[in-house]
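Asker: Have a look at this one.
All of the numbers you see were taken from the coordinates with simple rules; none came from a lab. It should be emphasised that the depicted structure is a prediction, and the values quoted were computed from it without experimental measurement. So basically every Cβ, Gly included, is an ideal-geometry build from the backbone, and we count neighbours across all protein chains shown.
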Amino acid sequence: MDIRIREATREDQDLIWKATMETVWNDLPPDERRHFDRATLERHFRPHAKQVLESTDNSILVAEGPDASILGYAIVGSASTMLSPVPFGFVYDVWVAPEARRRGVARRLLAAAEDWCRAQGYRKLKLEVAASNVAARALYTADGFAEERIFMGRPL
Ligand SMILES: CC(C)(COP(=O)(O)OP(=O)(O)OC[C@H]1O[C@@H](n2cnc3c(N)ncnc32)[C@H](O)[C@@H]1OP(=O)(O)O)[C@@H](O)C(=O)NCCC(=O)NCCS
């Protein structure tokens, strides 16, 4: 598939917001989703996401088809945890338009995210994925990611 990767522009923002919100909502554990509606989640999530989307330290990579249609995007930046002094590249989100799925778009976006991280000097790329997101977990596993820590929960 003919794919071009470019940096996102202001015109891409609406689609990126909409798609990111969709993934966040879909990936919520069902027992948590029962306690609020989507609009409440969006109000809570927006300021956190705004920081990531607007930080000049991060990169939003857009995959375009030959007709300049948006096939998908990846949001990449850096992160660190209290468990290690070494910062690492971090993929905040990857999304591919439903009609373009299973054609290697996400794989290309992850490769571009990796290039960006190498250029920043990071020696490792990490991400977080919902346990229920079968497609994303398969993508990351196919791309060489392995589980490092597992975030667990149970209702009270
Ligand atoms: C997850 C997602 C980004 C994958 O995008 P994609 O462009 O379809 O993925 P690719 O075509 O690059 O797939 C690469 C490999 O990942 C695996 N994979 C991707 N989607 C899969 C699925 N639905 N089921 C099983 N394996 C899958 C396969 O190994 C695939 O290689 P193959 O097609 O040669 O078998 C896409 O399904 C999506 O946008 N989902 C909604 C948003 C989302 O959940 N994002 C992740 C947030 S953490």
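Asker: Expected output is a single nm value to one decimal: the length gained when fully extending between Leu15 and Ala131, i.e. 0.36 nm times separation in residues minus the C-alpha distance. What is it? Don't skip to the answer; put the middle values down first.
Answerer: Values: separation 116, 0.36 × 116 = 41.76 nm, distance 2.47 nm.
My answer for the length gained is 39.3 nm.
Asker: Output ³J(HN,Hα) for the range 52-58: one whole-Hz value per residue in order, computed from phi by the Karplus curve 6.51 cos²θ - 1.76 cosθ + 1.60 with θ = phi - 60°, and x for Gly and Pro.
Answerer: Once rounded to whole Hz, the list reads 5, 6, 9, 5, 6, 7, 9.
Asker: Got a sec? How would Met82, Met1 order by Cβ neighbour count within 10 Å, fewest to most? All intermediate terms of the calculation are to be shown ahead of the outcome.
Answerer: On the way: Met82 5, Met1 11.
Fewest-to-most ranking of Met82, Met1: Met82, Met1.
Asker: Related question: Can you give the Kirkwood hydrodynamic radius of the chain from its Cα pairs, in Å with one decimal? Before the final figure, lay out the partial values.
Answerer: On the way: mean 1/r = 0.0601 Å⁻¹.
So the Kirkwood estimate lands at 16.6 Å.
Asker: Given 0.36 nm per residue, what is the gain on full extension from Met82 to Arg33 after removing their alpha carbon distance, in nm? If you can, show how the numbers build up before the last one.
Answerer: Details: separation 49, 0.36 × 49 = 17.64 nm, distance 2.90 nm.
Here the segment from Met82 to Arg33 would lengthen by 14.7 nm.
Asker: Using a 7 Å offset from the Cα along the Cα-to-Cβ direction at both Ala142 and Glu54, what is the distance between the two label points in nm, to one decimal?
Answerer: Roughly 3.6 nm, to one decimal.
Asker: Another question about this same structure. Calculate the dipole size of the range 4-142 relative to its Cα centre from +1 charges on Lys and Arg beta carbons and -1 charges on Asp and Glu beta carbons; express the result in debye to the nearest 20. Walk me through the intermediate numbers first.
Answerer: Numbers: 20 positive and 19 negative charges, 81 e Å.
The calculated dipole for the range 4-142 is roughly 400 debye.
Asker: Using only helices, what value at 222 nm comes out for the chain when you add -39,500 (n - 2.57) per DSSP H run of length 4 or more and divide by the total residues, to the nearest 500 deg cm²/dmol? Provide the component values of the computation, followed by the final result.
Answerer: Values: 5 runs with 61 residues, N = 156.
Taking each H run of at least 4 residues, the total per residue is -12000 deg cm²/dmol.
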